[in-house]
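The next block holds one structure in the form of structure tokens; read it before the comments.
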Amino acid sequence: MLDFVTWTANPVFFHLGPLTIRWYGMMFVIGFYLGYQIVARMYRREGAPEAWMGTLLIYVVIATIVGARLGHVLFYEWDYYSQHPLKILATWEGGLASHGGTIGLIIAVILYSIFTTKRSPLWTFDRLVIAIALVGAMIRFGNLMNHEIYGHVTDLPWGFRFVTNLGPWMAGADPVFSAPSHPTQIYEALCYLLLFGLLMWMYWKKNAGERPGLILGVFFIWLFGSRFLIEYIKNPQVDFEVGMTLNMGQLLSIPFVLIGIGLVCYAMSRPRIHIDYPDRFADEEPDKDKKKPAKR
């Protein structure tokens, strides 16, 4: 039988002079980079302009950070931040909510569709959420490295003992460990990785992008459905959640699951559209190395 895991991973990835680079921040950076490459490959496959990618990256980065921060402020700790508004800017102190980030991205994609692509927002959503599933898994790995958002006490052999006095421990104090607890960060990360694999298969093997809204609907159902279930074994994020039948994370997940079901029904009830796959950006010159046919 496996023994409990005593988790002593350092949240700091490395020091760069006076700067401290943490795993959590690195996961965001790497996630955005990989996500950019994945979406760019889909844009190229469908012949979308390459210039759209730079604009999308700006929208996504701003929407994710601002939305996730405001989501935490409004949904979880409004009583505190309403009295200390300048603290809203102190993102380095922690406090990002995935549901807020999702709302921010929805607003950003709608604006991006109006001002940049001139296409239905579903076209962008169905491609963007594939990358988001991977980024979500990486962020949960960052949470694991931060010894945060873990679950209830468990006697299962894969329970993790996390450091509870993280600040003092990083300053040189002896670690104080939690009781063996569910590593819910790993549970969520695995769910998101499976979702990423499913969505990649749907897009690349089944051309699910030809049914607008289908990929987004599956994303909402799987991601927020798994989040809803895992919340049952996760410790409360804030004090007011103690004793709630459904915590804030679950209450915020329900609308997205319902929207996802509606999107899947909508997508499957409409005719499949045809998409050409030129496999080059719209503003890219044809391959100049290809020889032109000889004139006769």
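The values are calculated or read from the model by the stated rules, or taken from the named source; none is laboratory data. Just so you know, these numbers come straight off a predicted model, no measurement behind them. When we count neighbours, we look across all protein chains shown, and the Cβ atoms used for this are built from the backbone with ideal geometry, even at glycine. Just so you know, the surface numbers come from the protein's heavy atoms only, side chains and all, with ligands and any DNA or RNA stripped out. Shrake-Rupley method; radii C 1.70, N 1.55, O 1.52, S 1.80 Å.
Structure values in brief
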{"read-out": "Evaluation of Tyr59 against (1) free of Cβ contacts under 8 Å to residues at least 40 places away in the same chain; (2) in contact with a Phe, Trp or Tyr (Cβ under 7 Å, 6 or more places away or on another chain) (one fails), failing number", "value": "(1)"}
{"read-out": "Of all residues making up region 14-40, the number that are over 16 Å from the mean Cα position of the chain (by Cα) and either surrounded by 14 or more Cβ atoms within 10 Å (Cβ to Cβ) or in contact (Cβ under 8 Å) with a residue 40 or more places away in the chain (or both)", "value": "3"}
{"read-out": "Subset of region 155-177 (residues that are part of a loop (DSSP other than H, G, I, E, B) and more than 27 Å from the chain's Cα centre (by Cα))", "value": "Asp155, Leu156, Pro157, Asn165, Ala171, Gly172, Ala173, Asp174, Pro175, Val176"}
{"read-out": "Residue ID - most open to solvent (accessible area, probe 1.4 Å), chosen from residues in region 196-229 that are in contact with a helix residue (DSSP H, G or I) (Cβ under 8 Å, 6 or more places away or on another chain) and within 24 Å of His152 (Cβ to Cβ)", "value": "Trp222"}
{"read-out": "Any pair with Cβ under 9 angstrom, 6 or more apart, that starts in region 141-166 at a residue that is open to solvent by 60 Å² or more (accessible area, probe 1.4 Å) and ends at one that is among the basic types (Lys, Arg) and assigned to a strand (DSSP E or B)", "value": "His152/Lys234"}
{"read-out": "Residue match in region 15-25 (condition: assigned to a loop (DSSP other than H, G, I, E, B) and either at positive phi or modelled with pLDDT of 95 or more (or both))", "value": "yes"}
{"read-out": "Some residue of region 245-268 being open to solvent by 40 Å² or more (accessible area, probe 1.4 Å) and in a loop (DSSP other than H, G, I, E, B)", "value": "yes"}
{"read-out": "Cβ pairs under 8 Å, 6+ apart, first in region 119-140 and at positive phi and free of Cβ contacts under 8 Å to residues at least 24 places away in the same chain, second of a type in the set (Gly, Ala, Ser) and in a helix (DSSP H, G or I)", "value": "none"}
{"read-out": "Matching residues, region 230-242, being among the aliphatic types (A, V, I, L, M) and buried (at least 18 other Cβ atoms within 10 Å of the Cβ)", "value": "Ile230"}
